[in-house]
1. With bins 10 Å wide starting at 0, give me the P(r) of region 1-159 over every alpha carbon pair, in whole percents.
2. May I ask for the equivalent-ellipsoid semi-axes of region 111-238, computed as the square root of five times each C-alpha gyration tensor eigenvalue and listed largest first in whole Å?
3. Where does region 77-154 land on Rg/Rh, using Cα atoms and the Kirkwood Rh?
4. Going out from 0 in 10 Å bins, what whole percent of all Cα-Cα distances in region 175-222 drops into each bin?
5. How do TYR183, TYR135 rank when sorted from fewest to most other Cβ atoms within 10 Å of their own Cβ?
6. Of ARG62, ARG103, ARG213, which has the largest mean-square fluctuation in a 10 Å C-alpha GNM of the chain?
7. For the chain, modelled as a GNM with alpha-carbon contacts under 10 angstrom, which of LEU127, LEU74, LEU24 fluctuates the most?
8. Can you give the calculated 222 nm mean residue ellipticity of the chain, where each DSSP H run of n ≥ 4 adds -39,500 (n - 2.57) and the sum is split over every residue, rounded to the nearest 500 deg cm²/dmol?
Amino acid sequence: MEKRDELYAGKAKSVFTTDDPDKLVIVFRNDTSAFDGKKKEALDRKGAVNNQFNAAIMEALRKEGIPTHFEKRLSATESLVKRLTMIPVECVVRNIAAGSIVRRLGVEEGKQLNPPTFEMFLKDDALGDPMINEYHVRSFGWAEPEQIETMKALTFKVNEVLKKLFLDGDMLLVDYKLEFGVYKGEVILGDEFSPDGCRLWDRNTREKMDKDRFRQGLGNVVEAYEEVGHRLGMSFEY
Ligand code: ADP
Ligand code: UDP
């Protein structure tokens, strides 16, 4: 497999074409951003940690029957994935209230949500990723009704798998964001799952172990991501 041209560079990852038109290389960079790109910093080791963390989580999800774009890890910071036509919708499940829902609905951070909520946001930094509903997705043609159902079902299935996985490491999966795309007519999980795109709290102390450490200037961001990985039995190479 040969890495060719840069297809696009996002805020945290760069995507390259390969000699196989169905495959892409994703490079996880150290760049970290929050508030739709308004706060930015490069954090040592983060690209490597997120690439290897994501690889382990995608493998765990595949074993539980969730179709993903992940093919294999190529190096400390690079992975090979299936090339998807991305659906520009971020799917978010929340088990505990935190972040934007606290501001939007005036609820207390830490409130247990029963059942967990499902929300969708349009992936558009210029608009600040506005919240949208199923009708927006259908009316504007971002996805078909069956594709929306598949995204929702897979997002909840990921919750069942990952809530347990993190709890076994004494962590609470507070919320997370997933992105999906279409590969040969099928909706499958794309992008990444890492502490950059979810909230994880220590089960006993409720200490934040995710990107909120960066958003809120709490420090030790990558150290916390590494601790999450270590608790799940991962080790990292740099
Ligand atoms: P952002 O676009 O939010 O700045 P990233 O820096 O993570 O995010 O960039 C990665 C980009 O690659 C995102 O736009 C994401 O939707 C896209 N992407 C992720 N997985 C795939 C895939 N398998 N095929 C095509 N594009 C993908
Ligand atoms: N999230 C993300 N990318 C985004 C927006 C949100 O990965 O562009 C994740 C975020 O890390 C959290 C979840 O989705 O785990 C819910 O985010 P929220 O709506 O609370 O927004 P925030 O306050 O984090 O911007």
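FYI, it's all coordinate maths here, none of it is from the lab. The shown structure was predicted, so the numbers you read here are calculated from the model rather than taken from an experiment. Cβ placement follows ideal geometry from the backbone for every residue including glycine, while neighbour counts extend to all protein chains displayed.
1. Bin by bin from 0 Å, the calculated values are 9, 29, 41, 19, 2, 0.
2. For region 111-238, the semi-axes come out at 29, 16, 15 Å.
3. So for region 77-154, dividing Rg by the Kirkwood Rh gives 1.02.
4. Binned Cα distances yield the sequence 25, 39, 21, 13, 2.
5. Fewest to most other Cβ atoms nearby, the residues stand as TYR135, TYR183.
6. Highest fluctuation of the listed residues: ARG103.
7. Comparing LEU127, LEU74, LEU24 in the GNM, the peak value goes to LEU127.
8. The helix-only estimate for the chain comes to -9000 deg cm²/dmol at 222 nm.
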